[in-house]
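The values are calculated or read from the model by the stated rules, or taken from the named source; none is laboratory data. Since we're looking at a predicted model, the values are computed, not measured. In this analysis, Cβ positions are derived from the backbone assuming ideal geometry, glycine residues included, and neighbour counts consider all displayed protein chains.
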Amino acid sequence: MKLSVKGIAENQPIPETFAFGVFNAEDHMSFGPNRNPEMVWTDAPAGTKSFVIMMFDPDVPSVADDVNQEGKTVSKDIPRVDFFHWLLVDIPANITRMPEGEDSDGVIPKGKAPGKGPLGIRGVNNYTQFLAGNPDMAGTYAGHDGPCPPWNDEIIHHYHYEVHALDVESLGLTGEFDGAAVREAMSGHVLDSARVTGTYTLNPALR
């Protein structure tokens, strides 16, 4: 399979158009346009019955004690974990394009509901956990919400945009399913995959 993500070149910075958080010199971060990018995929294998779109950041610190804290930095030596930003399953096999802004256009406080989206079924992303302690933002975040790495992180974050071609029409996932559930359900059903990786940082020393 081949995947193109409009506006995002391999291992190059992701435009702020697609970010949940953008650099702000006074407050470190402010909300961004948070639009999902256009994705187009081709050359799906014979027997493809549905697609999954997934975007995740493998560079999120496993310990959040120093995240976005004045006078501190998030050490590059902290072990990193996956943070899911976008989960869409059960996309029909005749769909080969996700238009820009179709699944996300702006930051929505308290999130978008899981379940049926414009294309496919939305899973729950990790902003659900990250914003749980913020009374103005806490809620269930489903579908796409873009990059917003810690503004004091010593490393640049990488974002993997992926499309997976499956041999089943549905993964049978319902309710508030997450990235781990999608990966488990896909296991043994992936015919082919394609990925584009972009980078993003809010740390002025790395920009």
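Counting the residues of the stretch 101-133 that are in contact with a helix residue (DSSP H, G or I) (Cβ under 8 Å, 6 or more places away or on another chain) and either farther than 20 Å from Pro37 by Cα or touching a residue at least 40 places away in the same chain (Cβ under 8 Å) (or both) gives 3.
Within the stretch 49-66, the residues that satisfy the criterion of being buried (at least 17 other Cβ atoms within 10 Å of the Cβ) and either under 23 Å from Asp90 (Cβ atoms) or modelled with pLDDT under 95 (or both) are Ser50, Phe51, Val52, Ile53, Met54, Met55, Phe56. Within the set Pro13, Pro45, the sole residue that is within 22 Å of Asn125 (Cβ to Cβ), touching a residue at least 60 places away in the same chain (Cβ under 8 Å) and not hydrophobic (A, V, I, L, M, F, W, C) turns out to be Pro13.
Step by step: first the residues of the stretch 134-177, then only those that are touching a helix residue (DSSP H, G or I) at 6+ places or on another chain (Cβ under 9 Å) and acidic (Asp, Glu), then the one that is surrounded by the most Cβ atoms within 10 Å (Cβ to Cβ). Which residue is that? Only one residue tops the list, namely Asp145. Counting only strands (runs of 3 or more DSSP E) wholly contained in the stretch 1-115, the ones carrying 2 or more residues that are acidic (Asp, Glu) occupy 50-61, 80-92.
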